[in-house]
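Asker: One structure is given below, represented as structure tokens, and several questions about it will come after.
The values are calculated or read from the model by the stated rules, or taken from the named source; none is laboratory data. Note that the structure is predicted; figures quoted are calculated from it, not measured. Glycine gets a Cβ as well: all are built from the backbone with ideal geometry, and neighbour counts include every protein chain shown. Ligands, DNA and RNA are excluded from the accessible area calculation, which covers all protein heavy atoms including side chains. Shrake-Rupley method; radii C 1.70, N 1.55, O 1.52, S 1.80 Å.
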Amino acid sequence: LQRLNTILPPTGGLLNALENLDPFPRIDGPEANVAAPSRGIVDDPQVDAAARSVVKVLGTACGLGVEGSGWVAGDGIVVTNAHVVAGQKDTRVLLQGEEPGIDAQAVHFDPRNDVAVLRVPGLRAPALALAANPRAGTSGAVLGFPRNGPYDERAGRLGGTRDVVTQDAYGRGPVRRSIASLRGAVRSGNSGGPMVDGRGRVVTTIFAATTSGPRGGYGVPNTVVRSAL
């Protein structure tokens, strides 16, 4: 232990980097097969307004800090990923990423589809609406707190939604589930955050990045999130 503490002090940079991590899935799934994102979407006033409804989600699991993103779906209700809150008893939600956080409790937990619904008493923020039937090719913006940093918006474009054989929130599989593909910058910490269209409506909820093809990721389809809510 003395040698380990000398080489890797408890306050060292590596352990500090692990203070808040996102067990971010990277999966090999279907490509979005849509045009590259349009950067102008991040300047849309309704996309900017959606920032008031995006949260940072923090907690501890297996002795490590875990962080992700989420979005407000109703009065005191937040949607995020199951892998963001798995194994936690101290989940907190930070509205727009700002302290003080508010204690949250998972009231719906679906590891198969990697979606969780949190009850956050006292949370006051506008609810984001789910787009009814978002189409492939819809221009959007990926909102969240990548790498446990400040709020961030990146242009994206929604791809198709299809049933695939892949992993669940714990990396177990194979399981058959429905996922939405997308193009755009999806990074660790975006987990659970929304991708919104030009009207500020959620078109999918981010859960993973791609391992091949154009830069992009995957989201939980709105039909799955609507059922969870």
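Asker: Could you list the trypsin sites (Lys or Arg not before Pro) in segment 27-129 that lie in coil according to DSSP, counting only those with at most 16 other Cβ atoms within 10 Å of their Cβ?
Answerer: Hits after loop and neighbour filter: 89, 112, 124.
Asker: Within the accessible area of the chain, what % is carbon and sulfur when the probe is 1.4 Å and the other protein chains stay in place?
Answerer: Here carbon and sulfur together make up 49 percent of the probe-accessible area.
Asker: Taking the Cα centre of the chain as origin and charging only Cβ (+1 Lys, Arg; -1 Asp, Glu), how large is the dipole, in debye to the nearest 20?
Answerer: Charge dipole, the chain, about its Cα centre: 440 debye, nearest 20.
Asker: So how exposed is residue 109, as accessible area in Å² (1.4 Å probe, rounded to 10)?
Answerer: 80
Asker: Next question. Going toward the positive end of the dipole of segment 60-214, with +1 on Lys and Arg Cβ and -1 on Asp and Glu Cβ, which of 149, 116, 173 do you reach last?
Answerer: Looking along the dipole axis, the top candidate is 173.
Asker: Along the positive direction of the dipole of the chain (beta-carbon charges: Lys, Arg +1; Asp, Glu -1; about the Cα centre), which of 101, 126, 190 reaches farthest?
Answerer: After comparing all options, I get 190.
Asker: Still on this structure, I have one more. Before anything else, pin down the relative contact order of the chain: Cα pairs under 8 Å, at least 6 apart, normalised by residue count, whole percent.
Answerer: 24
Asker: What is the magnitude of the charge dipole of segment 112-158 about its Cα centre, with +1 placed on the Cβ of each Lys and Arg, -1 on the Cβ of each Asp and Glu, and no other charges, expressed in debye to the nearest 20?
Answerer: It comes to approximately 100 debye.
Asker: Also, quick follow-up: Quick check for me: using +1 on Lys/Arg Cβ and -1 on Asp/Glu Cβ, what's the dipole size of segment 63-123 about its Cα centre, in debye to the nearest 20?
Answerer: The dipole of segment 63-123 has a size of about 180 debye.
Asker: Using a 1.4 angstrom probe, figure out how much accessible area the chain has per residue, in square angstrom, rounded to the nearest whole.
Answerer: 47
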